[in-house]
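Trainee: This structure is in structure tokens; I'll ask about it shortly.
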Amino acid sequence: MKRGKGETKSLWRRLNSLKNFPYFLIAPTVIIFVVFMVYPIVYSLILSFQEFKHGTYSFVGLKNYIVLFKDPIFYKALMNTFFYLIVQVPIMIGLALIIAVFVEEKHVKGKAFWRTSIFLPSITALVAYALVFKVLFNGDYGLINYVISALGGDKVQWFYSKWPARFSIIISITWRWTGYNMIILLAGLQAIPESVYESAAIDGAGFWKKLTYITVPMVKPILLFTTITSTIGTLQLFDEPYVLTQGGPDYATITIGQYLYNNGFVYMNFGYASAIGYVMVFIIGILSVLQFKIKDN
Amino acid sequence: MKKKVLLIFTLLMVSMTAFTACSKEEGSKENENEKVTLTVWSWDVALKQLEASAERFKETNPDVEFVFEEMGTEQIYAKLSTGLATGDGLGDIITLEGEQLSGYASNYPEGFLELNDIVKKDDFLPVKMGEVTVNGKVYGFPWDAGPIAMFYRTDYFEQAGVKAEEIITWEDFIEAGKKVAATCTTPSGDPVMMLPIAPTSTNFYRMLLLQLGQGFFDAEGNTILNTDASVKALNLEKKIFDSGIALSYNGWDEYEGTVANESVATIPEAVWMIGTIKDKAPQTSGKWGVMNMPAFSSGENHGATNGGSLLAINAKTKNAEMAKKFVEFAMTDEQLLVDGFTNYGLYPSYMPVYSNAVFAQGDEFFGGQKVYQTFIEIGKVIPTINYTENFAEALDTVGSSVTKVLLQDADVQETVDKLQSDLVSKFGK
């Protein structure tokens, strides 16, 4: 084949052809993706087979993973994380849906006010909100215990025993994220045509029937979306236990995310932390496949 | 296809050379600079004290510029972990809490400058030398110390008919506490508790353990948490907690609250608590006293310590000599140390300054009592203990054991045996 003119072109002119133009356009994204995503992902996989001691990294094979599968705190963190997932996500999504439906009801006055005030928690600064909850949950002078004892119940030591501590975390996350999911569901509700409800009303459907036979099926894709994002959010949960309970008492509220952080940045076992990260990747992968399967059905 | 890959590759290479070119340029610029710049990381009052020290230092070393970066302890540790891991982005002079240095310095022995030549061992409280010495080398310059004594409310004691000088052992302390709880009430009407205890943290347990002369690790770094002393300390903490004289708290804000709300009669805490008490509860002026910590019945009684910071120098600093010179000056100049003490309650661990008249003065807030003398005496008998690279991790695990014993009624002997075996299997020693 004859090459002719092409050979005499400078490198720049060759690169600068129209055909290559798209690659220039995507280059910034690709470079950023490689440097900040691919490199850390690959490097942390390598790290997970290494041990860091006295300033040097050395390969230790599967040691980190073997230690990890024998680590009781890791299992506690895993159990806690799944507990939050199984209990908190359904409560929050259900609550968000109910609130969204009520806020959308025709006879409700001051819709904008309700929407804003329910959404507001999700944009509050994390530390401020966690500190407020810490005061609310205080065993001796907290508002929540005050209400409980005013209603005749016994005061609960929220941060000093297992289950109350876990529920304090669940209550806090629910308070913070329900409004966010409510707004997303609200958008879905508003997309349902009014005529569907009208014809149902003519057929004699009441509030409950409308909810279960029209609203829920019609917002199903959006429900799935909020469930997936909330699931991922819960699996990555870190802030609330970190500020409210520091993972205590006796690791009762620690999450995988927090245990990973502790191992990496507090205990400086970067290899071990990477191994935890990879086990987490594996778990999230399985869950995502499951959720896609459910979606297909 | 090959072409495309090649193109992407070239682009990557080009961008990388561009990056490295940038950093090289920066490097050479700094070298050209005639003036020496030192970046200092510190927090709160320590930072203010270092700023004052820098002003004095510049009088004799006019060609030094200082850049002070204020950040909290958590921030410093987070930045330090990443900075040491990547070998970049650290300040020249870094403030650390005493017990934290060993973790960083043993993991990154190349990260900090050795200071063996400027730290004279015999001039500092032995406990501080323990903190700055890691694997036989000195990596930090000792600053303030935190000898612990018992702060107590003279008015509550008087009301309850309790005399501070009659509290010799922890048994006496518990009995006195019961009297206080039965007779005294806080301004808001609740019964006054004897002392605050954090049932999910290790503070009080470590204090008691130190009184018996030990820490978490022996001199070789072996875990020693199932010793008699450990069992004794944990048993005593449980006894005090179960006797109903303790007020539980969770976190620093609630701890301060016990002082501000006047809800406790005593606080076993380090000397720096003077600053917090004066700051948070000015209305209690004249109602405080300081006494020695009660002893275990055995009669064995060392001092205990909590907190106090030190200065470390980044090994990659471009101005090592100047950094060393400044640190030594700021940490040993008598007038500076005395000012730091009177202005900010930074209690020096540099013993030659103790002869200064300021330490012999009484304090009106404490009814004129010569409180600092008490702390000086305690400071001299604090045992030197070993902190290792495993300290941070052990701290969390020990905290969970304390929680089990105090809040879940776990058996003390079983818990410490389990704790010991867990940690040994994790650390390998």
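Every number in this text was worked out from the coordinates using simple rules, so none of it is lab data. None of these values were measured; they are calculated from a predicted model. Ideal geometry is used to build each Cβ from the backbone, glycine not excepted, and the neighbour counts take in all protein chains shown.
Trainee: Whose amide H sits under 5 Å from the amide H of B:Thr305, counting only residues 5 or more places off or on another chain, with H placed in the peptide plane?
Mentor: Here the answer is B:Ile148, since their amide H atoms fall under 5 Å of that of B:Thr305.
Trainee: Give the cross-link partners of B:Lys325 among the lysines, using a straight C-alpha distance below 27 Å as the criterion and excluding same-chain residues fewer than 8 apart.
Mentor: Correct list for B:Lys325: B:Lys29, B:Lys35, B:Lys48, B:Lys58, B:Lys79, B:Lys120, B:Lys121, B:Lys128, B:Lys137, B:Lys316.
Trainee: Tilt of helix B:412-427 relative to the longest C-alpha principal axis of chain B, in degrees (0 to 90, nearest 10)?
Mentor: 10 degrees
Trainee: Right, something else. Size of the dipole of the range B:100-211 about the Cα centre, Lys and Arg at +1 and Asp and Glu at -1 on the beta carbon, nothing else charged, in debye to 20? Each step should come with its number before you reach the end.
Mentor: Values: 9 positive and 15 negative charges, 36 e Å.
Here the range B:100-211 has a charge dipole of around 180 debye.
Trainee: In straight Cα distance, which lysines are under 17 Å from B:Lys278, not counting same-chain residues fewer than 8 positions off?
Mentor: By straight Cα distance, B:Lys278 reaches B:Lys287, B:Lys370.
Trainee: On average, how much area does the Cα convex hull of the protein assembly as shown cover when viewed from any direction, in nm²?
Mentor: Numbers: hull surface 175.1 nm².
Averaged projected area of the protein assembly as shown's Cα convex hull equals 43.8 nm².
Trainee: Most fluctuating residue of A:Val147, A:Val89, A:Val243 in a GNM of chain A with Cα springs under 10 Å: which is it?
Mentor: The residue with the greatest mean-square fluctuation here is A:Val147.
Trainee: Looking at the range A:173-297, how many pairs of lysines come closer than 17 Å at the Cα, when each pair is eight or more places apart or spans two chains? Mind showing how you got there, number by number?
Mentor: Values: A:Lys209/A:Lys220; A:Lys210/A:Lys220; A:Lys220/A:Lys293; A:Lys220/A:Lys295.
Number of lysine pairs found: 4.
Trainee: Please get the size of the charge dipole for the protein assembly as shown, origin at its Cα centre, with Cβ charges of +1 on Lys and Arg and -1 on Asp and Glu, quoted in debye to the nearest 20. List each step's numbers first, then the result.
Mentor: Numbers: 60 positive and 75 negative charges, 904 e Å.
In total the dipole reaches around 4340 debye.
Trainee: Counting only residues 5 or more places away or on other chains, whose amide H sits under 5 Å from the amide H of A:Lys53 once H atoms are built in the peptide plane?
Mentor: A:Ser58
Trainee: Something else about it: For chain B, set up a Gaussian network in which alpha carbons nearer than 10 Å are linked by springs, and say which option among B:Glu131, B:Glu69, B:Glu97 fluctuates the most.
Mentor: B:Glu69
Trainee: Can you tell which of A:Gly277, A:Gly285, A:Gly94 shows the greatest fluctuation in a Gaussian network model of chain A with Cα springs below 10 Å?
Mentor: Result for chain A, Cα springs under 10 Å: A:Gly285 fluctuates most.
Trainee: Let me ask something else. Could I have the simple spin-label model distance between A:Phe24 and B:Asp190, label points 7 Å from Cα toward Cβ, reported in nm to one decimal?
Mentor: Output for this residue pair reads 7.0 nm.
Trainee: Which residue, chosen from B:Pro268, B:Tyr350, B:Ala320, occupies the Cα position most advanced towards the positive end of the dipole of the range B:236-357, where the dipole is computed from +1 (Lys, Arg) and -1 (Asp, Glu) charges on Cβ about the Cα centre?
Mentor: B:Ala320
Trainee: Let me ask something additional. Quick one: length gained pulling A:Ala191 to A:Tyr141 fully straight, 0.36 nm per residue minus the C-alpha distance? It would help to have the intermediate numbers written out before the result.
Mentor: Numbers: separation 50, 0.36 × 50 = 18.00 nm, distance 4.59 nm.
Taking 0.36 nm per residue and subtracting the Cα distance, the gain is 13.4 nm.
Trainee: Of the options B:Gly146, B:Tyr77, B:Phe296, report the single residue whose Cα projects farthest towards the positive end of the charge dipole of chain B (beta-carbon charges: Lys, Arg +1; Asp, Glu -1).
Mentor: The residue sitting most towards the positive pole is B:Tyr77.
Trainee: Taking only C-alpha pairs under 8 Å that are 6+ residues apart, what is the relative contact order of the range B:30-170 in percent?
Mentor: On the way: 125 pairs, mean separation 27.7, N = 141.
It comes to 20 percent, rounded to a whole number.
Trainee: List, in order, the whole-Hz ³J(HN,Hα) value for each residue of the range B:137-151 obtained from phi through the Karplus relation with A = 6.51, B = -1.76, C = 1.60 and θ = phi - 60°; use x for Gly and Pro.
Mentor: Result, ordered by residue: 10, 8, 10, x, 9, x, 10, 8, 10, x, x, 9, 9, 9, 7 Hz.
Trainee: Calculate the length of the line joining the C-alpha centroid of the range A:223-254 to that of the range B:144-186, in whole Å.
Mentor: Taking the Cα centre of each part, the range A:223-254 and the range B:144-186 sit 42 Å apart.
Trainee: Anything over 23 Å Cα to Cα? Flag those among B:Lys178/B:Lys404; A:Lys53/B:Lys429; A:Lys70/A:Lys134, in the order listed. Walk me through the intermediate numbers first.
Mentor: Values: B:Lys178/B:Lys404 25 Å; A:Lys53/B:Lys429 14 Å; A:Lys70/A:Lys134 33 Å.
Result: B:Lys178/B:Lys404; A:Lys70/A:Lys134 exceed 23 Å.
Trainee: When you look at the Cβ of every residue in A:243-251, what mean number of other chain Cβ atoms sits within 10 Å? Spell out each step's value before the answer.
Mentor: Numbers: counts 1, 2, 3, 6, 4, 11, 12, 11, 5.
That average works out to 6.
Trainee: Roughly how big is the range A:66-296's charge dipole about its Cα centre, with Cβ charges of +1 (Lys, Arg) and -1 (Asp, Glu), in debye to the nearest 20?
Mentor: On the way: 16 positive and 12 negative charges, 13 e Å.
Value, rounded to 20: 60 debye.
Trainee: Taking the range A:86-166, which trypsin sites (Lys or Arg not before Pro) meet the DSSP loop condition and have no more than 11 other C-beta atoms within 10 Å?
Mentor: On the way: sites: A:Lys106, A:Lys109, A:Lys111, A:Arg115, A:Lys134, A:Lys155, A:Lys162, A:Arg166; in loops: A:Lys106, A:Lys109, A:Lys155.
Listed in order of number, the matching sites are A:Lys106, A:Lys109.
Trainee: Can you list the HN-Hα couplings for the range A:52-58, worked out from phi with the Karplus curve (6.51, -1.76, 1.60; θ = phi - 60°), rounded to whole Hz and with x for Gly and Pro?
Mentor: 10, 9, 6, x, 10, 9, 9
Trainee: Percent relative contact order of chain B, based on C-alpha pairs within less than 8 angstrom and at least six residues apart? Could the numbers behind the result be given before it?
Mentor: Working: 706 pairs, mean separation 108.3, N = 429.
Computed over chain B, the figure is 25 percent.
Trainee: Between A:Ile284 and A:Ile41, what is the label-point separation in nm under the 7 Å Cα-to-beta-carbon projection?
Mentor: 1.1 nm
Trainee: Using a cut-off of 11 Å between beta-carbons, work out the net charge of the residues near A:Gly247 (Lys and Arg +1, Asp and Glu -1, A:Gly247 not included). Please report the intermediate quantities before stating the final value.
Mentor: On the way: positive: A:Lys76; negative: A:Glu240, A:Asp250, B:Asp396.
My count for the surroundings of A:Gly247 gives -2.
Trainee: Here is a further query. Per residue of the range A:116-133, in order, report the coupling 6.51 cos²θ - 1.76 cosθ + 1.60 (Karplus, θ = phi - 60°) as ³J(HN,Hα) in whole Hz, putting x for Gly and Pro.
Mentor: Here the 3J(HN,Hα) series is 4, 5, 6, 7, 3, x, 6, 10, 6, 5, 4, 5, 4, 5, 5, 5, 4, 5 Hz.
Trainee: Let me ask another. In nm, give the distance between the simple-model label positions of B:Thr342 and A:Leu131, each being 7 Å from the Cα along the Cα-to-Cβ direction.
Mentor: Result for the modelled spin labels: 3.3 nm.
Trainee: Amide H to amide H, which residues 5 or more places from B:Ile197 or on other chains are under 5 Å from it, using H placed in the peptide plane?
Mentor: Placed amide hydrogens put B:Leu247, B:Ser248, B:Tyr249 under 5 Å from B:Ile197.
Trainee: In degrees from 0 to 90, rounded to the nearest 10, what is the angle of the helix B:334-344 Cα long axis to the longest principal axis of chain B?
Mentor: 60 degrees
Trainee: Continuing with the same structure: Rg and Dmax of the range A:5-47, using alpha carbons, in Å: what are they?
Mentor: 16.0, 50
Trainee: Calculate I(q)/I(0) for chain B by the Debye formula, one identical point scatterer on each C-alpha and no solvent, and give its log10 at q = 0.09 Å⁻¹ to two decimals.
Mentor: Taken in order of the listed q values, log10 I(q)/I(0) reads -0.63.
Trainee: Determine the sum of side-chain charges near A:Gln258: Lys and Arg each +1, Asp and Glu each -1, restricted to other residues whose C-beta is under 12 angstrom from that of A:Gln258. Please report the intermediate quantities before stating the final value.
Mentor: Numbers: positive: A:Lys76; negative: A:Asp239, A:Glu240, B:Asp396.
Net of charged neighbours comes to -2.
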